[in-house]
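Have a look at the structure that comes next, please.
The values are calculated or read from the model by the stated rules, or taken from the named source; none is laboratory data. Keep in mind it's a predicted model, so treat the numbers as computed, not measured. Cβ sites come from the backbone with ideal geometry, for glycine too, and all protein chains shown count toward neighbours. To get the accessible areas, we keep the full protein, side chains included, count just its heavy atoms, and leave off ligands, DNA and RNA. Shrake-Rupley method; radii C 1.70, N 1.55, O 1.52, S 1.80 Å.
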Amino acid sequence: MGCCSARCMLILLCCLQLITALERQLFDFLGYQWAPIMVNFFHIIVVILGLFGVIQYRSRYVVMYLLWTLLWVGWNVFVSCLYLDLGGLSKDSDILSMGVSPHRSWWKDNGPGCEIDGLPSAGWQNQQNPELTTVVSCWLEYQYIEILHCIVQLLLSLLGFVYACYIVTTFSNEDDSFNFIGEFHHPSKSSQLFF
């Protein structure tokens, strides 16, 4: 695979990561989940910088993207474990909202096919408290929607990591073969500069 096709693929993966991260950010805002909002914000910034690094042949930005991708994978594994109640974590905890608000995932009340149990009387209909409504059943439970978000992010990140590793090694090899004066040379031949 050539460097040009790998760059194009990494650009495509970064664009897909941006789109899915913005979508995830929107639903985290709707659910008042402050920890994911902050992490998604940093992810969006780093993906933009990584995209800039790929387009402008800046290996340091691509390396920063690589290092962030490892943290991003760890975050998504943590969120998946949280929603699956693994490792002593509980989806009912207030970790993601950072204890600031009693809100949970937006998908908990608004998932696909969710049937909401009516409030006891007409006087309660105007209340904005989410604790007053009860979701009876959903076609797909909210924790699985959140896990699907994580799986999509994990797949894009792992593919991006592989392509970014290839790009960094390609950029390193190109740096070794160009002396910035306009002459290509090989490591076996000595370079002579004429002033």
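Of all the residues that make up the range 25-53, how many are touching a Leu at 6+ places or on another chain (Cβ under 6 Å) and outside any helix (DSSP H, G or I)?
1
Which ones in the range 3-31 are open to solvent by 10 Å² or more (accessible area, probe 1.4 Å) and over 26 Å from residue 171 (Cα atoms)?
If the condition is that a residue be open to solvent by 10 Å² or more (accessible area, probe 1.4 Å) and over 26 Å from residue 171 (Cα atoms), then 19, 20, 22, 23, 24, 25, 26, 27, 29, 30 are the ones that fit.
Still on this model: From the list 71, 96, 67, 89, pick out the single residue that is open to solvent by 30 Å² or more (accessible area, probe 1.4 Å), outside any helix (DSSP H, G or I) and among the hydrophobic types (A, V, I, L, M, F, W, C).
Testing whether each residue is open to solvent by 30 Å² or more (accessible area, probe 1.4 Å), outside any helix (DSSP H, G or I) and among the hydrophobic types (A, V, I, L, M, F, W, C) leaves just 89.
Within the range 37-57, which residues are open to solvent by less than 40 Å² (accessible area, probe 1.4 Å) and without any contact (Cβ under 8 Å) to a residue 40 or more places away in the chain? Let's see the steps before the verdict.
From the range 37-57, those open to solvent by less than 40 Å² (accessible area, probe 1.4 Å) are 37, 39-40, 43-44, 46-47, 50-51, 53-54; that's our starting set.
Within the range 37-57, 37, 39, 40, 43, 44, 46, 47, 53 meet the criteria.
Checking residue 34 against (1) in contact with a His (Cβ under 9 Å, 6 or more places away or on another chain); (2) surrounded by 15 or more Cβ atoms within 10 Å (Cβ to Cβ); (3) closer than 18 Å to residue 96 by Cβ, which single condition isn't satisfied?
(1)
Spot the failing condition for residue 119; the list is (1) in contact with a helix residue (DSSP H, G or I) (Cβ under 7 Å, 6 or more places away or on another chain); (2) at pLDDT below 55; (3) in a helix (DSSP H, G or I), and only one is missed.
Every condition holds for residue 119 apart from (3).
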